């Protein structure tokens, strides 16, 4: 299936995408604030925004004690998302991707 968002991503974009998921929300926040090519790359904007919300949801869940119990599962899932993003996939996180789309962020 042809995806026009995928044709412009470079190896640097894919490395930033994997880092955004593994070190969410800090790297994704850095990407959104300081990186110029994030604004021109739909691939980077998609992954950095999604990783940012994923990371902050993890922090919110940890504040209630749930995230601490789920830490190993969430870490493994973050690594999985990062690997999929590195391979060029536009990964979708249940609830989060739809929320971000409905807000108009991606």
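The values are calculated or read from the model by the stated rules, or taken from the named source; none is laboratory data. None of these values were measured; they are calculated from a predicted model. Cβ coordinates were reconstructed from backbone atoms using ideal geometry, including for glycine residues, and neighbour counts include every protein chain displayed.
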| Using beta carbons and a limit of 8 Å, which pairs, at least six apart or on different chains, have the first residue in segment 71-100 and closer than 17 Å to residue 53 by Cβ and the second one at pLDDT below 90 and exposed (fewer than 13 other Cβ atoms within 10 Å of the Cβ)? | 90/3
| field | In segment 68-85, residue modelled with the highest pLDDT [restricted to those that are over 11 Å from the mean Cα position of the chain (by Cα) and either surrounded by 17 or more Cβ atoms within 10 Å (Cβ to Cβ) or not in a helix (DSSP H, G or I) (or both)] | value | 74
| task | Just one of (1) out of contact with any helix residue (DSSP H, G or I) (no Cβ under 9 Å at 6 or more places or on another chain); (2) at pLDDT 85 or above; (3) surrounded by fewer than 13 Cβ atoms within 10 Å (Cβ to Cβ); (4) within 18 Å of residue 13 (Cβ to Cβ) trips up residue 98, so point out which. | result | (4)
| So residue 53 fits all but one of (1) surrounded by 14 or more Cβ atoms within 10 Å (Cβ to Cβ); (2) at pLDDT below 90; (3) assigned to a helix (DSSP H, G or I); what number is the exception? | (2)
| field | Test for residue 35: is it surrounded by fewer than 20 Cβ atoms within 10 Å (Cβ to Cβ) and under 11 Å from the mean Cα position of the chain (by Cα) | value | no
| request: Give the residues of segment 39-60 that are more than 17 Å from residue 103 (Cβ to Cβ) and either in contact (Cβ under 8 Å) with a residue 12 or more places away in the chain or touching a strand residue (DSSP E or B) at 6+ places or on another chain (Cβ under 9 Å) (or both), sorted by residue number. | output: 41, 43, 44, 58, 59
| Scan of segment 10-28 for residues that are in a helix (DSSP H, G or I) and free of Cβ contacts under 8 Å to residues at least 24 places away in the same chain, ordered by number | 11, 12
